[in-house]
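The values are calculated or read from the model by the stated rules, or taken from the named source; none is laboratory data. What you see is a predicted model, and the numbers here were worked out from it, not measured in a lab. With ideal geometry, Cβ positions are generated from the backbone for all residues, glycine too; neighbour counts draw on all protein chains shown. What goes into the accessible areas is simple: the full protein's heavy atoms, side chains included, and nothing from ligands, DNA or RNA. Shrake-Rupley method; radii C 1.70, N 1.55, O 1.52, S 1.80 Å.
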Amino acid sequence: MADIQKAAPRAAWLLVCALLGACSNPVSEASNRKTDDPPQKPNESLRFEVVRSTSGELSGVVPGRLAFKPTALAAVNTPIQARIVAIHVSPGQFVSSDTPLATLQGSEVAGIRSALEQAEARNATAEDALKRQQEMMQKGVGLEAERFAAETAAREARSELARATRAAHMIGDGDGDAFILRTPKSGVVTAVRGHLGAMASPDGEPLFDVGDTSNLGVVADVPESDIIGIDGGQRAEVSLPLINRSFPAVVDTVGRVVDGEQRRAPVYLSFEGDGERLTAGMLAEVRFHIKASSLISLPIEAVLIKDGAQRIVYVLREDGRLEARPVIVSASRDGRVTVSDGLHPGDSVVVHGALLLDSSAEQLL
């Protein structure tokens, strides 16, 4: 009886060790397994989720800013070498079309205006000569050669007048050697680079920038993982915290160059309808409404990064073993990631404990 009492604690101790070993071995084996090894059967440390496709919308908020569209900006510069003698506007000032921006003086101005006057006089003389020759031909006393010569001279005079008019139109109005630089469109003066007394050149930096505030758009900085879910024509909502307003918008184009540091790409949007006058540079929050007719999503924990680039998940096969399957993922929101390729409805995927199956992989965070 005493021998039985002594043996009981030892048997209990052996039983506890065996149970502990049975619990620890599956995890240890799974953590040391590489994805290139034969697939193994799942253990109790793993949790699975059956893939289902859903329909609806995904909404994600990304930072953005208001910006002038390319067609909304006008860079105004001097057409000839000239000196700035007066500046009539300031940055931030609203100007209407043909508003004077600056007065300049240039040695070429007088010559350009004189050339226009001479071209106008020659054109008038040539037109009169052609008219007389045509009248003489109608009366039967004119010569065809003289009429032809008058017609040629009139054509040349018209061409010369057109060139002189374009040159004079470029420098605009003014007195003597001075001319006035005017804005070609209405908008806000966003930059004034000229200084009184400074020389300005057509090849230099523009003296003024004018932006049409009625033609503002939005530039959203979208993470590269979300770009795949956004396309032209999609609807969005733009919120402006500064004025506590929201506006409907639509995606124009999606930028295809990803910033190397921020890992974001620009998405360009237009406001829908007529909005109130806004200011370029205002911070915005953009919420995209991504239509999804067959959307598959998984918890982020289910996706592993293999070799620094490849995304994989572990799928339970029909024979009860696990298979490492490459997938393509896009937007991640609310702890779940969208899978655009690699899975099908009905697949059973490891959503908890996947990292135990491959110690060389990394978690997708």
Using the crude model of +1 on Lys and Arg Cβ and -1 on Asp and Glu Cβ, and no other charge, please compute the dipole size for region 118-223 relative to its Cα centre, in debye to 20. 320 debye
In nm, what is the difference between 0.36 nm times the number of residues separating S214 and H289 and their Cα-Cα distance? 24.5 nm
Can you compute 3J(HN,Hα) from phi for each residue in region 79-94, using the Karplus curve 6.51 cos²θ - 1.76 cosθ + 1.60 with θ = phi - 60°, rounded to whole Hz and x for Gly and Pro? x, 9, 5, 7, 10, 7, 10, 7, 10, 9, 10, 10, x, x, 7, 7
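How many percent of the accessible area of region 67-207 is carbon or sulfur, using a 1.4 Å probe?
About 54 percent, which is the carbon plus sulfur part of the accessible surface.
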